Amino acid sequence: MKNSFKMIIDTDCGIDDAITIITVIKYGIDVVGITTVSGNVNADQVTDNVLRILHFLKKDNIPVFKGAHRPYVSLNSTPAKIHGNNGIGDIVLEPPYKTYNEEPAPYAIYKLAKEAGNVILLTLGPLTNVAMALNLYPDLPKYISKIVAMGGAVNVGNVTRFAEFNFFFDPEAAEFVLRHGVPIHLVPWDPVVATPIFESELKETFQGEEGDLILNMEKSVMDFVEKARGIRAVFLPDPMALATFLDEEIIKYKINSSLHMELSHGSLLRGASIIGEGSGIDIVVEVDKTRFLNFFKNIFEGGKV
Ligand code: BDR
Ligand code: CA
């Protein structure tokens, strides 16, 4: 297993963020800290969700740091309705023993990355904290071996026709991070929407106590997708970022390119990500669904952590 690295997770936890965190823990990755950011729900609720998920996993020892409440400039900070009022499908998990750490998320990202060295920074939400950290600590890139991110859209978005939620929520932050030259493994919305996971597949893939939690959280999403698209299925954006990083065989097609954000206010394209001439960002375009599901099946059929 490819887990001889330390990881920091930055998240707007979110149902699929929660699935990703559970998977990371079950996979046995050494998580040195989790930072939170507004996105699916506000940063306070996100922080509470992360603490409860960690408690459920008996991983209260992993430090949690609260981050940005608002995007850099964007006024459009509407939460994503699909995750329910509390962000985790309105499931109420046991309260944690402990609270979040005092230090703000951007500082924590820097401190933890410097201590760990060669860290993997897994970003599952808007890039506000990461942009702030890169701005405050210019030597931060030295300590990050890769940013593994979910965000952006090559051809098809989910907030507008052109823009995906994480990058749309804070496009200035996304642009700042994309320009920084840190190696990025990116899963945009395109391969995610091409890979609906049907209810029966979800049940077969995620087993055990954690699997039950995942199915319960995803119920409201399935209702939502059924109304919107007429299929009982979910999409797994954040888990796809993690899985394609850990098992490259899942990737059927990827490109290496530069990526730029459209930032004009009032433009129909604001928040869209546009492929550029340059290189540096590995963008996953197509995945093998069977291998993707098997990745999780293998991890979850072991039962409890
Ligand atoms: C992204 O937006 C959020 O709702 C999901 O958690 C994911 O990170 C997909 O566009
Ligand atoms: Ca997310």
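The values are calculated or read from the model by the stated rules, or taken from the named source; none is laboratory data. Computed from a predicted model, the values in this text were never measured in an experiment. Ideal geometry is used to build each Cβ from the backbone, glycine not excepted, and the neighbour counts take in all protein chains shown. Surface areas here come from the heavy atoms of the whole protein model, side chains and all, with no ligands, DNA or RNA. Shrake-Rupley method; radii C 1.70, N 1.55, O 1.52, S 1.80 Å.
Tabulated values for the structure
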quantity	calculated
Mean Cβ neighbour count within 10 Å, used as a protection proxy, ranking 260-267, 113-120 highest first	113-120, 260-267
Percent of beta bridges antiparallel (DSSP, the chain, rounded to nearest 5)	30
Charge dipole magnitude, Cβ of K and R +1, D and E -1 - the stretch 143-204, Cα centre, debye nearest 20	200
Spatial extent of the chain: Rg and Dmax, with the Cα atoms as the point set, Å	17.5, 50
Cross-link reach list, lysines versus K252, counting only Cα pairs under 23 Å and skipping chain neighbours closer than eight places	K2, K146, K289, K297
Sites matching chymotrypsin sites (Phe, Trp or Tyr not before Pro) across the stretch 70-162 that sit in DSSP coil, with at most 15 neighbouring C-beta atoms within 10 Å	Y97
Listed residues V159, S4, Y72: farthest to the positive end of the dipole of the chain (Cβ charges)	S4
Exposure rank, largest accessible area first [V154, V192; 1.4 Å]	V154, V192
Potential extension, A228-S4 segment - 0.36 nm per residue separation minus Cα distance	76.5 nm
The stretch 251-305: trypsin sites (Lys or Arg not before Pro) falling in loop per DSSP and having at most 12 other Cβ within 10 Å	K304
Other-chain or far-sequence residues with amide H under 5 Å of K146's (modelled H)	L121
Positive-pole candidate from V285, T23, A133, dipole of the chain, charges at beta carbon	A133
For the stretch 192-198, Karplus couplings with θ = phi - 60° (6.51, -1.76, 1.60), whole Hz, Gly/Pro x	6, 6, 7, 10, x, 10, 6
Mean projected area (nm²) of the alpha-carbon convex hull when the stretch 1-117 is viewed from all directions	7.5
Test item: Cα-centred dipole of the chain, Lys/Arg +1 and Asp/Glu -1 on Cβ, debye	180
Förster-model FRET efficiency, 30 Å R0, A194 and S279, C-beta, rounded to 0.05	0.80
Potential extension, N101-S267 segment - 0.36 nm per residue separation minus Cα distance	55.8 nm
Within the accessible area of the stretch 6-300 (1.4 Å probe), percent carbon and sulfur	51
The stretch 119-166: trypsin sites (Lys or Arg not before Pro) in DSSP loop, at most 12 other beta carbons within 10 Å	R161
Dipole of the chain, positive direction: furthest Cα of Q45, F169, N101, with charges on the beta-carbon	N101
Size of electric dipole in the stretch 222-287: Cβ of Lys, Arg +1 and of Asp, Glu -1, about Cα centre, debye, nearest 20	320
Positive minus negative residues near I251 (Lys, Arg vs Asp, Glu; Cβ under 13 Å)	-3
CD proxy at 222 nm, helix term only [per DSSP H run n ≥ 4: -39500 (n - 2.57); per residue of the chain; nearest 500]	-11500 deg cm²/dmol
In order through the stretch 95-112: 3J(HN,Hα) via Karplus (6.51 cos²θ - 1.76 cosθ + 1.60), integer Hz, x for Gly, Pro	x, x, 6, 10, 10, 7, 6, 5, 5, x, 3, x, 5, 4, 4, 5, 4, 5
